[in-house]
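*Asks:* Submitted below is the structure of interest, expressed as C-alpha coordinates.
The values are calculated or read from the model by the stated rules, or taken from the named source; none is laboratory data. The structure presented is a predicted model; accordingly, all values stated were derived computationally and were not measured. Counting neighbours? That spans all protein chains shown, and the Cβs are built from the backbone with ideal geometry, glycine included.
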(Lines give C-alpha, C1' and ligand atoms only; values in the text may rest on other atoms or scores of the structure.)
Protein backbone atom coordinates (compact mmCIF):
# COMPACT_ATOMS: atom_id res chain seq x y z
CA UNK A 1 0.00 0.00 0.00
CA UNK A 2 2.59 2.50 -1.08
CA UNK A 3 1.90 6.02 0.03
CA UNK A 4 -0.81 5.06 2.52
CA UNK A 5 -0.63 6.66 5.91
CA UNK A 6 -1.17 4.04 8.60
CA UNK A 7 -3.58 5.53 11.17
CA UNK A 8 -3.69 4.62 14.80
CA UNK A 9 -5.50 1.32 15.25
CA UNK A 10 -9.04 1.75 16.57
CA UNK A 11 -10.30 -1.24 18.52
CA UNK A 12 -13.78 -1.55 17.00
CA UNK A 13 -16.07 -0.17 14.33
CA UNK A 14 -18.31 1.09 17.11
CA UNK A 15 -15.65 3.42 18.53
CA UNK A 16 -14.69 4.57 15.02
CA UNK A 17 -18.22 5.54 13.96
CA UNK A 18 -18.97 7.17 17.30
CA UNK A 19 -16.55 9.96 16.34
CA UNK A 20 -17.61 10.42 12.70
CA UNK A 21 -20.34 12.32 10.87
CA UNK A 22 -20.03 10.61 7.47
CA UNK A 23 -19.10 7.01 6.63
CA UNK A 24 -18.71 6.21 2.92
CA UNK A 25 -19.01 2.47 2.28
CA UNK A 26 -17.21 1.19 -0.83
CA UNK A 27 -16.65 -2.21 -2.39
CA UNK A 28 -17.07 -4.29 -5.54
CA UNK A 29 -20.38 -5.85 -6.48
CA UNK A 30 -21.58 -8.95 -4.66
CA UNK A 31 -19.54 -8.54 -1.46
CA UNK A 32 -22.43 -7.43 0.78
CA UNK A 33 -21.68 -3.70 0.65
CA UNK A 34 -25.30 -2.49 0.77
CA UNK A 35 -26.16 -4.85 3.62
CA UNK A 36 -23.00 -3.86 5.50
CA UNK A 37 -23.87 -0.17 5.20
CA UNK A 38 -27.38 -0.80 6.53
CA UNK A 39 -26.07 -3.01 9.34
CA UNK A 40 -23.55 -0.39 10.45
CA UNK A 41 -26.25 2.31 10.51
CA UNK A 42 -28.65 0.03 12.41
CA UNK A 43 -26.01 -0.77 15.02
CA UNK A 44 -25.18 2.90 15.61
CA UNK A 45 -28.89 3.71 15.97
CA UNK A 46 -29.31 0.81 18.39
CA UNK A 47 -26.27 1.57 20.57
CA UNK A 48 -25.84 5.37 20.40
CA UNK A 49 -28.11 8.36 20.82
CA UNK A 50 -28.91 10.62 17.88
CA UNK A 51 -30.21 10.31 14.32
CA UNK A 52 -28.53 8.02 11.80
CA UNK A 53 -29.24 8.13 8.06
CA UNK A 54 -28.26 5.39 5.61
CA UNK A 55 -28.50 6.50 1.98
CA UNK A 56 -27.85 4.23 -0.97
CA UNK A 57 -26.33 5.41 -4.22
CA UNK A 58 -26.32 1.90 -5.67
CA UNK A 59 -29.53 1.36 -7.67
CA UNK A 60 -30.17 -2.00 -5.92
CA UNK A 61 -33.41 -2.03 -3.89
CA UNK A 62 -32.29 -4.49 -1.22
CA UNK A 63 -31.75 -1.75 1.34
CA UNK A 64 -35.42 -0.76 1.34
CA UNK A 65 -36.44 -4.40 1.62
CA UNK A 66 -34.13 -5.06 4.56
CA UNK A 67 -35.42 -2.00 6.41
CA UNK A 68 -39.07 -2.75 5.68
CA UNK A 69 -39.55 0.49 3.70
CA UNK A 70 -41.46 0.29 0.43
CA UNK A 71 -41.05 3.03 -2.16
CA UNK A 72 -37.86 4.41 -0.63
CA UNK A 73 -36.69 7.56 -2.45
CA UNK A 74 -35.00 10.94 -2.06
CA UNK A 75 -36.91 11.92 1.07
CA UNK A 76 -35.55 10.22 4.16
CA UNK A 77 -37.97 7.97 6.04
CA UNK A 78 -37.65 6.71 9.58
CA UNK A 79 -37.40 2.98 10.22
CA UNK A 80 -40.15 1.93 12.61
CA UNK A 81 -38.69 1.29 16.11
CA UNK A 82 -40.93 -1.79 16.23
CA UNK A 83 -38.58 -3.36 13.67
CA UNK A 84 -35.87 -3.30 16.36
CA UNK A 85 -38.18 -4.85 18.94
CA UNK A 86 -38.43 -7.95 16.77
CA UNK A 87 -34.75 -8.46 17.60
CA UNK A 88 -35.30 -7.73 21.29
CA UNK A 89 -33.60 -4.34 20.98
CA UNK A 90 -34.81 -0.94 22.13
CA UNK A 91 -32.81 1.54 20.04
CA UNK A 92 -31.23 4.49 21.80
CA UNK A 93 -31.25 6.53 18.60
CA UNK A 94 -33.25 6.85 15.39
CA UNK A 95 -32.58 5.07 12.10
CA UNK A 96 -33.55 6.83 8.86
CA UNK A 97 -33.08 5.71 5.24
CA UNK A 98 -33.15 7.25 1.75
CA UNK A 99 -32.36 6.18 -1.80
CA UNK A 100 -30.99 8.65 -4.34
CA UNK A 101 -33.57 9.86 -6.87
CA UNK A 102 -31.29 11.23 -9.58
CA UNK A 103 -33.92 13.20 -11.53
CA UNK A 104 -35.44 14.82 -8.44
CA UNK A 105 -32.00 15.69 -7.10
CA UNK A 106 -30.98 17.36 -10.36
CA UNK A 107 -34.20 19.40 -10.40
CA UNK A 108 -33.52 20.55 -6.85
CA UNK A 109 -29.93 21.42 -7.74
CA UNK A 110 -31.05 23.55 -10.71
CA UNK A 111 -33.52 25.46 -8.56
CA UNK A 112 -30.80 26.01 -5.93
CA UNK A 113 -27.96 27.13 -8.21
CA UNK A 114 -29.69 28.90 -11.10
CA UNK A 115 -29.12 32.68 -10.99
CA UNK A 116 -32.88 33.35 -11.08
CA UNK A 117 -36.21 31.57 -11.33
CA UNK A 118 -36.60 32.32 -15.04
CA UNK A 119 -33.30 30.57 -15.84
CA UNK A 120 -34.27 27.62 -13.64
CA UNK A 121 -37.59 27.27 -15.51
CA UNK A 122 -35.82 27.38 -18.89
CA UNK A 123 -33.38 24.66 -17.83
CA UNK A 124 -36.09 22.42 -16.38
CA UNK A 125 -38.22 22.78 -19.52
CA UNK A 126 -35.34 22.23 -21.96
CA UNK A 127 -36.05 19.00 -23.93
CA UNK A 128 -32.47 17.80 -23.63
CA UNK A 129 -32.43 18.33 -19.87
CA UNK A 130 -35.71 16.46 -19.49
CA UNK A 131 -34.37 13.49 -21.45
CA UNK A 132 -30.87 13.14 -20.04
CA UNK A 133 -30.81 14.77 -16.60
CA UNK A 134 -30.50 11.31 -15.09
CA UNK A 135 -28.11 9.90 -17.69
CA UNK A 136 -25.48 12.32 -19.01
CA UNK A 137 -21.77 12.27 -18.17
CA UNK A 138 -21.12 11.86 -14.42
CA UNK A 139 -24.78 12.67 -13.64
CA UNK A 140 -25.41 9.93 -11.11
CA UNK A 141 -22.07 10.24 -9.34
CA UNK A 142 -22.05 14.02 -9.24
CA UNK A 143 -25.57 14.37 -7.92
CA UNK A 144 -24.80 11.77 -5.24
CA UNK A 145 -21.98 13.93 -3.93
CA UNK A 146 -24.17 17.03 -4.18
CA UNK A 147 -26.93 15.28 -2.25
CA UNK A 148 -24.51 14.06 0.43
CA UNK A 149 -23.20 17.59 0.92
CA UNK A 150 -26.71 19.02 1.07
CA UNK A 151 -27.89 16.47 3.66
CA UNK A 152 -24.80 17.01 5.80
CA UNK A 153 -25.21 20.77 5.62
CA UNK A 154 -28.65 20.58 7.22
CA UNK A 155 -27.14 19.21 10.43
CA UNK A 156 -30.19 16.96 10.84
CA UNK A 157 -28.19 13.76 11.32
CA UNK A 158 -25.43 12.76 13.70
CA UNK A 159 -24.13 10.14 11.24
CA UNK A 160 -24.71 9.64 7.51
CA UNK A 161 -23.76 6.22 6.11
CA UNK A 162 -23.43 6.28 2.30
CA UNK A 163 -23.67 3.11 0.23
CA UNK A 164 -21.76 3.78 -3.01
CA UNK A 165 -21.70 2.09 -6.44
CA UNK A 166 -19.27 -0.83 -6.95
CA UNK A 167 -15.60 0.02 -6.34
CA UNK A 168 -14.23 1.37 -9.63
CA UNK A 169 -17.42 3.40 -10.07
CA UNK A 170 -16.92 4.64 -6.52
CA UNK A 171 -13.74 6.29 -7.79
CA UNK A 172 -15.98 8.23 -10.17
CA UNK A 173 -18.17 9.03 -7.16
CA UNK A 174 -15.22 10.73 -5.47
CA UNK A 175 -13.98 12.47 -8.62
CA UNK A 176 -17.39 13.48 -9.99
CA UNK A 177 -17.45 17.11 -8.74
CA UNK A 178 -14.04 17.85 -10.26
CA UNK A 179 -14.91 16.11 -13.54
CA UNK A 180 -18.22 17.96 -13.80
CA UNK A 181 -16.47 21.30 -13.35
CA UNK A 182 -13.91 20.31 -16.01
CA UNK A 183 -16.68 19.33 -18.40
CA UNK A 184 -18.47 22.67 -18.16
CA UNK A 185 -15.24 24.53 -18.91
CA UNK A 186 -14.02 22.16 -21.66
CA UNK A 187 -12.88 23.27 -25.11
CA UNK A 188 -15.31 20.82 -26.72
CA UNK A 189 -18.27 22.39 -24.96
CA UNK A 190 -17.14 25.91 -25.93
CA UNK A 191 -16.85 24.79 -29.57
CA UNK A 192 -20.34 23.33 -29.46
CA UNK A 193 -22.14 26.33 -28.04
CA UNK A 194 -20.09 29.20 -29.52
CA UNK A 195 -22.10 29.56 -32.76
CA UNK A 196 -25.37 29.64 -30.88
CA UNK A 197 -24.09 32.01 -28.24
CA UNK A 198 -22.90 34.51 -30.85
CA UNK A 199 -25.45 33.45 -33.52
CA UNK A 200 -22.58 33.62 -36.02
CA UNK A 201 -20.81 30.66 -37.59
CA UNK A 202 -17.36 31.30 -38.95
CA UNK A 203 -16.27 29.85 -42.27
CA UNK A 204 -14.02 27.21 -40.70
CA UNK A 205 -16.75 25.69 -38.58
CA UNK A 206 -19.68 26.10 -41.02
CA UNK A 207 -19.19 22.72 -42.82
CA UNK A 208 -19.24 20.90 -39.47
CA UNK A 209 -22.52 22.51 -38.43
CA UNK A 210 -24.07 22.02 -41.84
CA UNK A 211 -23.39 18.28 -41.64
CA UNK A 212 -24.52 18.15 -38.00
CA UNK A 213 -27.74 19.97 -38.89
CA UNK A 214 -28.53 17.43 -41.62
CA UNK A 215 -27.81 14.43 -39.38
CA UNK A 216 -29.15 15.60 -36.03
CA UNK A 217 -31.45 18.43 -36.98
CA UNK A 218 -30.96 22.10 -36.21
CA UNK A 219 -33.54 22.07 -33.42
CA UNK A 220 -31.65 19.33 -31.61
CA UNK A 221 -28.38 21.27 -31.83
CA UNK A 222 -30.10 24.42 -30.61
CA UNK A 223 -31.56 22.49 -27.65
CA UNK A 224 -28.09 21.15 -26.83
CA UNK A 225 -26.53 24.60 -27.07
CA UNK A 226 -29.26 26.26 -25.01
CA UNK A 227 -28.98 23.53 -22.40
CA UNK A 228 -25.25 24.02 -21.88
CA UNK A 229 -25.38 27.80 -22.17
CA UNK A 230 -27.98 27.87 -19.40
CA UNK A 231 -25.99 25.39 -17.34
CA UNK A 232 -22.92 27.55 -17.61
CA UNK A 233 -24.79 30.23 -15.69
CA UNK A 234 -24.46 27.84 -12.74
CA UNK A 235 -20.77 27.11 -13.37
CA UNK A 236 -19.51 29.18 -10.44
CA UNK A 237 -21.88 27.34 -8.12
CA UNK A 238 -20.66 23.98 -9.44
CA UNK A 239 -17.02 24.89 -8.93
CA UNK A 240 -17.56 26.28 -5.44
CA UNK A 241 -19.58 23.25 -4.42
CA UNK A 242 -17.02 20.85 -5.88
CA UNK A 243 -14.36 22.39 -3.65
CA UNK A 244 -16.64 22.24 -0.61
CA UNK A 245 -17.48 18.59 -1.28
CA UNK A 246 -13.82 17.66 -1.62
CA UNK A 247 -13.02 19.39 1.66
CA UNK A 248 -15.86 17.50 3.32
CA UNK A 249 -14.56 14.16 2.00
CA UNK A 250 -11.11 14.88 3.43
CA UNK A 251 -12.42 16.20 6.73
CA UNK A 252 -11.49 14.22 9.85
CA UNK A 253 -15.21 13.78 10.50
CA UNK A 254 -15.50 11.69 7.32
CA UNK A 255 -14.30 8.11 7.06
CA UNK A 256 -14.25 5.49 4.31
CA UNK A 257 -15.19 1.85 4.91
CA UNK A 258 -14.01 -0.71 2.34
CA UNK A 259 -16.07 -3.91 2.17
CA UNK A 260 -14.79 -7.11 0.56
CA UNK A 261 -14.72 -10.85 0.71
CA UNK A 262 -11.39 -12.64 0.69
CA UNK A 263 -11.93 -14.25 -2.69
CA UNK A 264 -9.22 -13.32 -5.16
CA UNK A 265 -11.12 -10.91 -7.47
CA UNK A 266 -12.96 -8.88 -4.77
CA UNK A 267 -9.79 -8.74 -2.68
CA UNK A 268 -7.87 -7.25 -5.63
CA UNK A 269 -10.62 -4.66 -6.08
CA UNK A 270 -10.46 -3.81 -2.38
CA UNK A 271 -6.68 -3.50 -2.54
CA UNK A 272 -7.02 -1.17 -5.53
CA UNK A 273 -9.45 1.07 -3.69
CA UNK A 274 -7.36 1.10 -0.50
CA UNK A 275 -4.39 2.23 -2.60
CA UNK A 276 -6.48 4.97 -4.23
CA UNK A 277 -7.64 6.24 -0.85
CA UNK A 278 -4.08 6.31 0.41
CA UNK A 279 -2.61 8.02 -2.64
CA UNK A 280 -5.30 10.74 -2.50
CA UNK A 281 -5.07 11.15 1.26
CA UNK A 282 -8.62 10.17 2.13
CA UNK A 283 -9.23 8.62 5.55
CA UNK A 284 -9.50 4.83 5.43
CA UNK A 285 -11.30 4.14 8.68
CA UNK A 286 -12.41 0.53 8.41
CA UNK A 287 -12.11 -2.68 6.48
CA UNK A 288 -15.06 -5.08 6.70
CA UNK A 289 -14.46 -8.62 5.46
CA UNK A 290 -17.53 -10.71 4.71
CA UNK A 291 -17.92 -14.49 4.40
CA UNK A 292 -14.66 -15.12 6.26
CA UNK A 293 -13.85 -18.75 7.09
CA UNK A 294 -13.73 -19.57 10.83
CA UNK A 295 -10.44 -19.04 12.66
CA UNK A 296 -10.27 -22.63 13.95
CA UNK A 297 -9.23 -23.65 10.43
CA UNK A 298 -5.90 -21.94 11.15
CA UNK A 299 -5.18 -24.20 14.12
CA UNK A 300 -2.05 -26.26 13.39
CA UNK A 301 -2.99 -28.98 15.87
CA UNK A 302 -6.45 -29.38 14.33
CA UNK A 303 -4.91 -29.71 10.87
CA UNK A 304 -2.54 -32.39 12.14
CA UNK A 305 -5.47 -34.31 13.59
CA UNK A 306 -7.34 -34.04 10.29
CA UNK A 307 -4.30 -35.46 8.51
CA UNK A 308 -4.14 -38.31 11.02
CA UNK A 309 -7.86 -38.96 10.55
CA UNK A 310 -7.32 -39.31 6.81
CA UNK A 311 -4.36 -41.65 7.25
CA UNK A 312 -6.10 -43.87 9.81
CA UNK A 313 -9.64 -43.78 8.40
CA UNK A 314 -9.61 -47.47 7.47
CA UNK A 315 -8.29 -48.53 10.87
CA UNK A 316 -10.85 -46.35 12.70
CA UNK A 317 -13.66 -47.74 10.56
CA UNK A 318 -12.72 -51.27 11.65
CA UNK A 319 -12.94 -50.43 15.35
CA UNK A 320 -15.39 -52.74 17.17
CA UNK A 321 -19.01 -51.75 16.77
CA UNK A 322 -18.47 -48.31 15.20
CA UNK A 323 -19.74 -49.10 11.68
CA UNK A 324 -22.66 -51.10 13.04
CA UNK A 325 -23.68 -48.36 15.43
CA UNK A 326 -23.78 -45.93 12.50
CA UNK A 327 -25.73 -48.35 10.31
CA UNK A 328 -23.08 -48.69 7.62
CA UNK A 329 -20.24 -50.99 6.58
CA UNK A 330 -16.57 -50.48 7.34
CA UNK A 331 -15.52 -49.58 3.77
CA UNK A 332 -18.18 -46.88 3.44
CA UNK A 333 -17.31 -45.46 6.87
CA UNK A 334 -13.63 -45.35 5.91
CA UNK A 335 -14.47 -43.41 2.73
CA UNK A 336 -16.61 -40.94 4.70
CA UNK A 337 -13.90 -40.37 7.32
CA UNK A 338 -11.29 -39.85 4.59
CA UNK A 339 -13.57 -37.38 2.79
CA UNK A 340 -14.15 -35.39 6.00
CA UNK A 341 -10.43 -35.22 6.68
CA UNK A 342 -9.67 -34.16 3.09
CA UNK A 343 -12.35 -31.44 3.11
CA UNK A 344 -11.08 -30.04 6.39
CA UNK A 345 -7.55 -29.80 5.05
CA UNK A 346 -8.76 -28.15 1.81
CA UNK A 347 -10.69 -25.54 3.81
CA UNK A 348 -7.61 -24.99 5.97
CA UNK A 349 -5.55 -24.21 2.86
CA UNK A 350 -8.14 -21.62 1.76
CA UNK A 351 -8.29 -20.16 5.28
CA UNK A 352 -4.52 -19.63 5.32
CA UNK A 353 -4.69 -17.96 1.93
CA UNK A 354 -7.45 -15.70 3.27
CA UNK A 355 -5.35 -14.85 6.32
CA UNK A 356 -2.48 -13.70 4.09
CA UNK A 357 -4.81 -11.54 1.99
CA UNK A 358 -6.33 -10.08 5.13
CA UNK A 359 -2.93 -9.06 6.51
CA UNK A 360 -2.18 -7.24 3.27
CA UNK A 361 -5.53 -5.46 3.15
CA UNK A 362 -5.92 -4.35 6.76
CA UNK A 363 -2.54 -2.66 7.16
CA UNK A 364 -3.87 0.86 6.70
CA UNK A 365 -7.30 0.50 8.35
CA UNK A 366 -8.09 1.98 11.74
CA UNK A 367 -10.65 -0.77 12.46
CA UNK A 368 -11.26 -4.23 11.00
CA UNK A 369 -14.51 -6.18 11.15
CA UNK A 370 -14.90 -9.80 10.10
CA UNK A 371 -18.19 -11.54 9.36
CA UNK A 372 -18.77 -15.26 8.69
CA UNK A 373 -21.05 -16.52 5.95
CA UNK A 374 -24.63 -16.64 7.23
CA UNK A 375 -26.93 -19.58 6.57
CA UNK A 376 -29.69 -17.35 5.16
CA UNK A 377 -29.96 -14.03 3.35
CA UNK A 378 -30.46 -10.93 5.50
CA UNK A 379 -33.81 -9.33 4.76
CA UNK A 380 -34.90 -7.52 7.94
CA UNK A 381 -33.66 -5.38 10.83
CA UNK A 382 -33.01 -8.36 13.17
CA UNK A 383 -30.80 -9.84 10.45
CA UNK A 384 -28.96 -6.54 10.05
CA UNK A 385 -28.33 -6.43 13.80
CA UNK A 386 -27.00 -10.00 13.80
CA UNK A 387 -24.57 -8.99 11.08
CA UNK A 388 -23.73 -5.80 12.96
CA UNK A 389 -22.93 -7.66 16.16
CA UNK A 390 -20.28 -9.66 14.31
CA UNK A 391 -18.87 -6.50 12.72
CA UNK A 392 -18.75 -4.74 16.09
CA UNK A 393 -16.86 -7.55 17.83
CA UNK A 394 -13.08 -7.03 18.18
CA UNK A 395 -11.45 -8.64 15.20
CA UNK A 396 -9.37 -11.74 16.06
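*Asks:* Can you tell me which residue among 23, 42, 66 is assigned to a helix (DSSP H, G or I), touching a strand residue (DSSP E or B) at 6+ places or on another chain (Cβ under 7 Å) and in contact (Cβ under 8 Å) with a residue 24 or more places away in the chain?
*Replies:* The unique qualifying residue is 42.
*Asks:* Scan the stretch 309-367 residue by residue and report those that are assigned to a loop (DSSP other than H, G, I, E, B) and surrounded by fewer than 17 Cβ atoms within 10 Å (Cβ to Cβ).
*Replies:* Passing the criteria: 312, 318, 319, 320, 321, 326, 327, 328, 329.
*Asks:* Here is a follow-up. Within the stretch 303-337, which residues are on the phi > 0 side of the Ramachandran plot and modelled with pLDDT of 85 or more?
*Replies:* Answer for the stretch 303-337, where residues must be on the phi > 0 side of the Ramachandran plot and modelled with pLDDT of 85 or more: there is none.
*Asks:* Here is a follow-up. Which residue is farthest from residue 47 (Cα to Cα), if the candidates are limited to the stretch 75-105 and must be assigned to a loop (DSSP other than H, G, I, E, B), within 21 Å of the chain's Cα centre (by Cα) and modelled with pLDDT of 85 or more?
*Replies:* The qualifying residue farthest from residue 47 (Cα to Cα) is 75.
*Asks:* Looking only at the stretch 294-302, decide whether some residue is in contact (Cβ under 8 Å) with a residue 60 or more places away in the chain and closer than 30 Å to residue 36 by Cβ.
*Replies:* Within the stretch 294-302, one or more residues are in contact (Cβ under 8 Å) with a residue 60 or more places away in the chain and closer than 30 Å to residue 36 by Cβ.
*Asks:* Quick check on the stretch 201-222. Is at least one of its residues in a helix (DSSP H, G or I), over 33 Å from the mean Cα position of the chain (by Cα) and at pLDDT 70 or above?
*Replies:* No.
A quick yes/no check of all residues on (1) buried (at least 20 other Cβ atoms within 10 Å of the Cβ); (2) free of Cβ contacts under 8 Å to residues at least 24 places away in the same chain:
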position: 229; (1), (2): no, no
position: 236; (1), (2): no, yes
position: 240; (1), (2): no, yes
position: 256; (1), (2): yes, no
position: 259; (1), (2): yes, no
position: 262; (1), (2): yes, no
position: 266; (1), (2): yes, no
position: 274; (1), (2): yes, no
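*Asks:* A further question follows. Out of the stretch 369-385, which residues are under 14 Å from residue 291 (Cα atoms) and not in a loop (DSSP other than H, G, I, E, B)?
*Replies:* 369, 370, listed by residue number.
*Asks:* To continue, here is another question. Sort through 109, 159 and tell me the only one that's modelled with pLDDT of 80 or more, in the same structural domain as residue 53 (by TED's automatic domain parsing), farther than 23 Å from residue 52 by Cβ and surrounded by 16 or more Cβ atoms within 10 Å (Cβ to Cβ).
*Replies:* Answer to the check: 109.
*Asks:* Would you confirm whether any residue within the stretch 130-149 is over 19 Å from residue 242 (Cα atoms) and modelled with pLDDT of 70 or more?
*Replies:* The answer is yes; a qualifying residue exists.
*Asks:* Just for the stretch 358-380: of the residues that are modelled with pLDDT under 85 and in contact with a strand residue (DSSP E or B) (Cβ under 9 Å, 6 or more places away or on another chain), which one is farthest from residue 264 (Cα to Cα)?
*Replies:* 366
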